[in-house]
1. Looking at the protein assembly as shown, send over the antiparallel percent of its DSSP beta bridges, to the nearest 5.
2. Write down the Kirkwood hydrodynamic radius of the range A:162-211, to one decimal in angstroms, obtained as one divided by the mean of 1/r over all alpha carbon pairs.
3. For the range A:57-172, what does the alpha-carbon gyration tensor say about shape, rounded, prolate or oblate, given a ≥ b ≥ c as the root eigenvalues, a/c under 1.5 as rounded, and a/b over b/c as prolate?
4. Two decimals is fine: what is log10 I(q)/I(0) at q = 0.12 Å⁻¹ for the range A:179-253, from a Debye sum with one equal scatterer on every Cα and no solvent?
5. Could you give the distance between the Cα centres of the range B:131-145 and the range B:246-303, to the whole Å?
6. How large is the direction-averaged shadow of the alpha-carbon convex hull of the range B:177-303, in nm²?
7. Can you show me the helix-derived [θ] at 222 nm for chain A, built from DSSP H runs with n ≥ 4 at -39,500 (n - 2.57) apiece and divided by the number of residues, rounded to the nearest 500.
8. If exposed means no more than 10 neighbouring beta carbons inside 10 Å and the site is in a DSSP loop, what's the longest run of chain A without any exposed chymotrypsin sites (Phe, Trp or Tyr not before Pro)?
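Values in this text are rule-based calculations from the coordinates and carry no lab data. The structure presented is a predicted model; accordingly, all values stated were derived computationally and were not measured. Backbone-built Cβ (ideal geometry, glycine too); neighbour counts: all protein chains shown.
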Amino acid sequence: MRVLAVQQYFGLAAKAIRFIFARPFYIGDVIQQMDEIGVQSLGIVLLTGFFTGMVLALQTSVQMAQFGATMYIGRLVTASMIRELGPVLAAILVAGRVGSGIAAQIGSMRVTEQIDALNTLGVDPIKKLVTPRLVAALVMMPVLTILSDTVGIGGGNVIASVYVGIPTTLYWRTVWEQVASSGFVLHYIPTDFVQGLIKPFVFGGIIAITGCFFGINTKGGTEGVGHATTRTVVVASVLILVVDYFLTQVLLFLFG
Amino acid sequence: MTDAPDDTKGAPAPAASQEERRRDSDDGPRLRRAEDELRARFGEELREGEEAQERVGVSREAIVELQHVSLSFDRPILENVSLVARRGETVVIAGESGTGKSTILKLILRLLQPDSGRVLIDGEVINDVTYEEALVIRQKMGMVFQGAALFDSMSVFENVAFPLREHTQLSDEEIEARVREKLEFVDLEPDRVMEQLPAQLSGGMKKRVGIARGMAANPAIMLYDEPTSGLDPLTTGTITRLIIKLQRELKVTSVVVTHDIRSAFRMATRIALLAERKIVFSGSPEEMTASQDRYVQDFLGGV
């Protein structure tokens, strides 16, 4: 049964991806989902990003003070935010906020026969419901992550200048040193950015597909909708953390 | 992605065995009395049904056909069920709750595939068509769901326009004209309801919008799942009249699943009674009231 579910999960993902390139495109649905997934998650993602950057700066300042290397706070905050914390934290927040919403919405459509209605009206529910959410998540997750990274590094700047007394110009110079230190892809794109943007892209896919998968397979009325949302948040969060590890290994192997 | 069929909890004792039935049929006078009684009780509905049948002039050509269909999930749902709906006909599938009535509609729509037997739509066997082909075949049919199943994120207008936007090349003006026409057909005022969301509508209005959406693309076949369940008697009458109107004016073939035998008699050209996974009776409402079968008598007596 579990094996079958895994197979169905990947089957759903494959079909949803294939439909990205097939007419009709449901542009309206994509834009609406972009609003729900991206714009409405913005506040929470920025807030947590800012505090994460601040706490990173605070913790590293204590550690670095032991070696008299507090001027490198900017580098550490930047590396952590762009490579790990920005993508992972934003993804986990979005999994909780958006993944659960997707599962609840599609789940209640299932139990009120709206999915069957789509089918009987000759429309593939995967094309109409899953693909727009997938596209929206694939586009919006990297955008959210960039913004989260930026305010996070900004939060680090606040702590570095207020608590540690590092001038803002010096802080931002160390930030840039970090970004440039791991080299460039195609001469212009910092390798850190490539790593930091592949991750949210993948996580966005995980969130959308997981929410849709549990939503579509909802059974047992309104109670089932509750189960679907809970499962989505748990499974998506775990998947994000596990996939993050393996993805990091692959990316480090490719880009160093 | 398939739904389990209705569960059978609380389904009372099934049809009497063959032997018992035969014994009963010797019981002439009692049954004749019962028949007269039923005739008296359903006289009006029967007359209305006959009229309907005469007026449409049902053709001989089968448009929906089930041939010896069997289906089981964890337990058997349908066994050797055969059913024909001819062009222009209204076939009512009656039976107690949980006898697999709605499953038959899902088979016709090819939301489910039978374990054995064949399902034909318009002469085409749809058992083994691919999912994509099934989507195309379904465009010949309009389905009205028990809970209406309107898309709750869309307005009434968008709901009714949905099949038109999906499968036709109509312009926006043509779509609006068609939506208005369909809403008027189901006795709703287009200007009042078009911009409303399904959550703002009453149960009877939702059903009517559901019918309007089902018929929007002018399908040849209309399928109804318990169209009158959960409605007050007055609204039940309205919906029943609407189904009859659809059949008379637009000559669509209808397959109606219901346990409401009163409205069944009013709209049916033929009734199939489902019990214990099998069709135990099939015939005109007339023949049904005249039937000597004990289960049929019980079913009608239980009204």
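1. 50
2. 13.2
3. prolate
4. The calculated log intensity ratios at q = 0.12 Å⁻¹ are -0.46.
5. Centre-to-centre distance over Cα atoms comes out at 25 Å.
6. About 8.7 nm², averaged over all directions.
7. -25500 deg cm²/dmol
8. It runs A:68-187.
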